[in-house]
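Accompanying notes for the structure given below.
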């Protein structure tokens, strides 16, 4: 068995109350790492006309199920880690507010110790497009279920606040504290999307993810001399509650590996980039999507 040597490392995983973040937090705990989970629950109206009862009763992937996943706490993830004997803490905070970023690191250091590994997984995602509003009236929403709006200042800024600016500020905060304590080993892993190069129907989401990839490459160059590797995981379509059964079937027919991605697929790749075995890999985008993009 390969030992990634993550025992007793302190890890921050953002966006970890469900999906990829939750699977990643659990994967680190399985390796003996101490994990701080950050998450944020958006307001219900962010997903259209849904009520709590409708979400609680959701059983099929789609808009309602995704709302259910997005608005749950991290309690189940924390319990799963603690039940296996792991060490886990959680803190709900919106990373769109820059003041929460140093507070997140303060909390990790106080409860778990200096942060060795940072996983920037939190994301803001709403469907926007360059199609004018009048044309959208006759257009189907994204994958048939998610409402879509024409890009505007708010839709642009909301995406970049979390998917780009928060990633940059999290890396800056990590680097500042790491260098101040004269650490010699560090890992930063940022989650992007294999549609980041161009994402029709989610134009601000794609662009904000591509900006974060640029930050990643710059950080890899600047922080490499300090012993920090900085890489990107770029997932294909992963079933985190939003992909309808019909869409899943369509995707699986086009992917070379002929199946939908699972959160654990992405978590496994993140563990690799955090491992000792990935010690000479930095500034890279690793596509993990069943061969969807090569």
Top-ranked residue in segment 108-133 [being under 20 Å from the mean Cα position of the chain (by Cα) and more than 17 Å from residue 205 (Cβ to Cβ); ranked as surrounded by the most Cβ atoms within 10 Å (Cβ to Cβ)]: 119
Given segment 191-290, what helices (runs of 4 or more DSSP H) lie entirely inside it while holding 2 or more residues that are closer than 27 Å to residue 151 by Cα and touching a strand residue (DSSP E or B) at 6+ places or on another chain (Cβ under 9 Å)? 203-223
Any hit, segment 27-38, residues being more than 16 Å from residue 126 (Cβ to Cβ), in a helix (DSSP H, G or I) and at pLDDT below 75: no
In segment 149-190, which residues are crowded, with 17+ Cβ neighbours inside 10 Å and assigned to a strand (DSSP E or B)? 186, 187, 188, 189, 190
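To keep it simple, each residue is scored yes or no on (1) surrounded by 18 or more Cβ atoms within 10 Å (Cβ to Cβ); (2) out of contact with any helix residue (DSSP H, G or I) (no Cβ under 6 Å at 6 or more places or on another chain); (3) in contact (Cβ under 8 Å) with a residue 60 or more places away in the chain.
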residue: 213; (1), (2), (3): yes, yes, yes
residue: 217; (1), (2), (3): no, yes, yes
residue: 223; (1), (2), (3): yes, no, no
residue: 245; (1), (2), (3): no, yes, yes
residue: 266; (1), (2), (3): yes, no, yes
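The values are calculated or read from the model by the stated rules, or taken from the named source; none is laboratory data. No experiment lies behind these values; they were computed from the predicted model shown. Glycine gets a Cβ as well: all are built from the backbone with ideal geometry, and neighbour counts include every protein chain shown.
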